[in-house]
Amino acid sequence: MSDAPDIYPPSQEFAARAHIGSMAEYEEMYARSVEDNEGFWREQAERIDWFEPFTTVKDVSYASDDVHIRWYTGGKTNACYNALDRHVDAGKGDKTAFIFEPDDPNTQEARHISYAEALRETKTMACVLTNHGVKKGDRVTIYMPMIPEAAYAMLACARIGAVFSVIFGGFSPEAIAGRIRDADSDFVITADQGRRGGKTIALKANVDAALQKTDADGPTVRHVLVVKNTGGNIQWHESRDVWLHDATPEAQTTEASGGCPCAHMDAEDPLFILYTSGSTGTPKGVVHTTGGYCVYTSMTHEYVFDLHEDDVFWCTADVGWITGHSYIVFGPLINGCTQVFFEGIPTFPDAGRFWDVVDKHGVTIFYTAPTAIRALMAQGDALVTRASRASLRLLGTVGEPINPEAWRWYHETVGDGRCPIVDTWWQTETGGIMLTPLPGAVPQKPGSATLPFFGIQPQVLEAASGEVLDGPTEGILVIADSWPSQARTVYGNHERFVNTYFTAYEGKYFTGDGCRRDEDGYYWITGRVDDVINVSGHRMGTAEVESALVLHEAVAEAAVVGIPHDIKGQSIYAYVSLGEGYTPNEDLRAELRQHVRTVIGPIATPEFLQFAIAGLPKTRSGKIMRRILRKIATNEHDALGDTSTLADAEVVDKLITGRR
Ligand code: WTA
């Protein structure tokens, strides 16, 4: 593809129908969004319904001695009301909200769920929650498969003002227990089992195992609300467990007598907590609030995906991640759109599944992750071309940098050269899309997330000095000012929030990503500059994997680095030094990899594990030299750089000989 173009302007046909149809229009609206930032966001707030108007648009300080972020203060609204009730009230109750596409298309039927039905189910679940003592401000833990009840659970919490904390269904009992403890949550919503790629996932059993741990050291979970999904065998704890279907009749009575109306939430009341990995310590509970989050997710969903009334949107993420929160549940529903809600995986029954589903449901906008694109690309074109994909008009990616080769395959083979691609850069902490082409306006370059969304002010800093760099350059990506869906704090630990994001460069939001800006002002994300690894678009902290490893009795010390991986983007390479009396062997290697899987979950499993027989390379002050470990792992031992600070140079030679 050496003669492939470097730049792909939107087609005239696409631009003609787009909300933003030219570069001039984008630039004009962008300039206004920055120059009159408050006026701009005041207007945009009208896209959601408010029970009471706000008094202040923006009240923000990034000063490290006083970080506070508030938007639309004084306003009262409700995220569930905006996602469901108002569409039904406006006569759109019959419109399809979700097209549920099940894991196994050969044994399960797809189902259309209208806005009215989604509202009914959500109200029932909300009444079940209130009937079991859940109140505004309580933290509810959600551990669910990708079935519509996962969305109802989130919306039901939003409806009554409970703060939900969704845990991805691939996480282990240990990880669930940690998050329940941190959020001090006493109510869990789960399902008997989940389905993924023809296998069943033991969700309820994982919750049971997690609660054994939390029962030992609190908080005591009062109830586990269980959705019957597969009907598989599970253990039952009479006093604690509640079947959703058993609680439904009483809930319907409550509802009939006017129970569970939408709580009038302050714009700044927390909507959810979502745990994400950082450089150090345990995952952080990032807190998002109500008003600004609804405004920003709905606005980005409309403009970035150039949403029209007749679109069928499909975001392939799981609701356990921020992408699922913002672009399956809140953004799309607030915009009243029809979307596919997918239970399965891209490679089941075979690797043509995505494109079959596109045809089956007439998907027009498709949003997925580079890791999936690369994995499907490796399976050959025939699985793509057996589907017509004629309905597609826009493609999107998120989660990690997309390599130009995968971008071009997505464009040419999946999109038949017809569909613009929006490469969207954002984070759990940003709540919504930050850098992206607007598909009808901004010419795309494969591998670049291009330009900022409205109201977003990116800057590139020189890493050491923090100096703001102009023009074409490379450095650290920061954001100079706030936007409505920015995370407000880390749950229960504002100091950690401040230290993580606002002390690296005074007065700026530190993203943790490196980036390059080219001669056209386009941004190219170069990856994390901290100790976060991105495996298949999932964030893992090196410290988390290391702590999991040292929990094992055989391990004295561990160091973990990320190395490039063709499909996953990055994979995990672990160095382990063993305690007295343990000898390295293949069984122990397998056991340690399995151990990480058990402690955190399958996504954290080290791809390679090397025994550091002579120990880990350290400075004389005892600091592990990761830079060197990274070079050894990627076979670049000729380029180890400065090794003069090493306490014991021989350690490095031993590691090089013992490389996996
Ligand atoms: C990376 C996912 C390059 C980045 C929404 C960021 C990306 C981290 C892109 C956040 C992209 C996300 N291009 N890198 N389009 N999108 N990233 O919190 O390193 O799971 O900091 O949010 O993913 O991951 P998170």
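Values as computed for the structure displayed
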| read-out | value |
| --- | --- |
| Among the candidates 519, 544, residue that is away from the ligand (no atom under 12 Å from the Cβ) and closer than 30 Å to residue 613 by Cβ | 544 |
| Subset of segment 233-289 [in contact with a Gly (Cβ under 6 Å, 6 or more places away or on another chain), in a strand (DSSP E or B) and within 21 Å of residue 159 (Cα to Cα)] | 265, 273, 288 |
| Flag if residue 526 is farther than 19 Å from residue 659 by Cβ and not in a strand (DSSP E or B) | no |
| Selection within segment 234-281 - under 22 Å from residue 139 (Cα atoms), away from the ligand (no atom under 16 Å from the Cβ) and hydrophobic (A, V, I, L, M, F, W, C) | 242, 243, 244, 247, 251, 260, 262, 263, 265, 267, 271 |
| Segment 84-110 - residue that is in contact (Cβ under 8 Å) with a residue 60 or more places away in the chain and among the acidic types (Asp, Glu) and, of those, surrounded by the fewest Cβ atoms within 10 Å (Cβ to Cβ) | 104 |
| Pair list, Cβ under 8 Å, 6 or more apart: segment 617-646 residue assigned to a loop (DSSP other than H, G, I, E, B), other residue among the basic types (Lys, Arg) | 625/618; 635/659; 640/631; 641/627; 641/631; 645/620 |
| Test: residue in segment 93-109 that is modelled with pLDDT of 95 or more and within 21 Å of residue 288 (Cβ to Cβ) | no |
| Any hit, segment 313-326, residues being more than 14 Å from the ligand (Cβ to nearest atom) and either assigned to a loop (DSSP other than H, G, I, E, B) or not basic (Lys, Arg) (or both) | yes |
| Selection status of residue 461, surrounded by 22 or more Cβ atoms within 10 Å (Cβ to Cβ) and more than 13 Å from the ligand (Cβ to nearest atom) | no |
| In segment 384-430, residue nearest to the ligand (Cβ to nearest atom) [restricted to those that are of a type in the set (Lys, Arg) and farther than 19 Å from residue 6 by Cα] | 393 |
| Neighbours by Cβ (under 6 Å, 6+ apart or cross-chain): first from segment 563-575, under 17 Å from residue 544 (Cβ atoms); second outside any strand (DSSP E or B) and among the acidic types (Asp, Glu) | 571/607; 572/607 |
| Residue list for segment 69-91, filter: in a loop (DSSP other than H, G, I, E, B) and out of contact with any strand residue (DSSP E or B) (no Cβ under 9 Å at 6 or more places or on another chain) | 90, 91 |
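Conditions tested, residue by residue: (1) of a type in the set (Phe, Trp, Tyr); (2) buried (at least 24 other Cβ atoms within 10 Å of the Cβ).
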| residue | (1), (2) |
| --- | --- |
| 283 | no, no |
| 287 | no, no |
| 292 | no, yes |
| 295 | no, yes |
| 301 | no, yes |
| 310 | no, no |
| 321 | yes, no |
| 329 | no, yes |
| 336 | no, no |
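The values are calculated or read from the model by the stated rules, or taken from the named source; none is laboratory data. Note that the structure is predicted; figures quoted are calculated from it, not measured. Please note: Cβ atoms are built from the backbone with ideal geometry, for glycine as well, and neighbour counts cover all protein chains shown.
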